[in-house]
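Chemist: Sharing a structure below in structure tokens format, with a few things to ask.
The values are calculated or read from the model by the stated rules, or taken from the named source; none is laboratory data. Given the structure is predicted, the values throughout are model-derived calculations rather than measurements. No Cβ is skipped: glycine too gets one built from the backbone with ideal geometry, and neighbour counts run over all protein chains shown. We work out accessible area using only protein heavy atoms, side chains counted, and drop any ligands, DNA or RNA first. Shrake-Rupley method; radii C 1.70, N 1.55, O 1.52, S 1.80 Å.
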Amino acid sequence: GLHQAGVAQAVATCGTALTQQHLELLTRTGTREILFLFDGDAAGVRAARKAAELCAREQVPARVATLPDGVDPDEFARKGGQEALEGLFARAKPAIEHLIDRALSELGPSATVEERVRAVEAVREVVLAAPDGLSRELYVASIAERLHVSVGAVQAILYEPAKDDRSSRRSFASGAPE
């Protein structure tokens, strides 16, 4: 598969799960950046999300290459060869950007306010895990632009306590006294 197509350093996980231990082994070997290439099916998309989130939390530079639905890396390498792989790798996005794109791409032009809020909440942890303040603010600005809202509105969602921490608030709809 990948080795035959000219990729000298490739490691496969068992199944589609990257673990904390895998990440530690990769970083101990001197790996400077990880490029994820999972199957293009739903399980591969979930695995890419989990792997990207893990790298973001651990601040390990990572990119995600996306295969067409139903195509696995070995099949893609055998059919397209080194040139197709190089093109795919060149289009790979930084892990955090990939996660933001996935969360926001699911929103259609007629997305409700609640759907937009949930999309921002879905990327909260990964945006907050960005390695420094500038990159974090650039991600916030990008999200705001794509949702057609102010940067302050996105920041309010990202930087407010998680929903579990807000459980002490009383709901107007519940009829509870203010």
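Chemist: For the chain, what does -39500 (n - 2.57) per DSSP helix run (n ≥ 4), summed and divided by total residues, give at 222 nm, in deg cm²/dmol to the nearest 500?
Modeler: Values: 8 runs with 94 residues, N = 178.
One gets -16500 deg cm²/dmol as the mean residue ellipticity at 222 nm.
Chemist: For the residue pair residue 9 and residue 134, what label-to-label distance in nm results when each label sits 7 Å from Cα along the Cα-to-beta-carbon direction?
Modeler: 2.6
Chemist: While we're here: So with the 1.4 Å probe, I'd like the accessible area per residue for the range 1-138, rounded to whole Å².
Modeler: Here the residues of the range 1-138 average 58 Å² of exposed surface.
Chemist: Within the accessible area of the range 56-167, what % is carbon and sulfur when the probe is 1.4 Å and the other protein chains stay in place?
Modeler: Within the range 56-167, the accessible surface is 52 percent carbon and sulfur.
Chemist: If the viscosity is 0.890 mPa s and the temperature 25 °C, what Stokes-Einstein diffusion coefficient in µm²/s follows for the chain when Rh is the Kirkwood radius over Cα pairs? Present the calculation step by step, with values, prior to reporting the outcome.
Modeler: Working: Rh = 18.1 Å.
Rounded, D is 136 µm²/s.
Chemist: Here's something else I'd like to know. When only Cα pairs under 8 Å and 6 or more residues apart are kept, what is the percent relative contact order across the chain?
Modeler: So the answer I get is 18 percent.
Chemist: Taking just the alpha-carbon atoms of the range 64-157, what radius of gyration and Dmax come out, in angstrom?
Modeler: Answer for the range 64-157, Rg first and Dmax second: 16.1, 48 Å.
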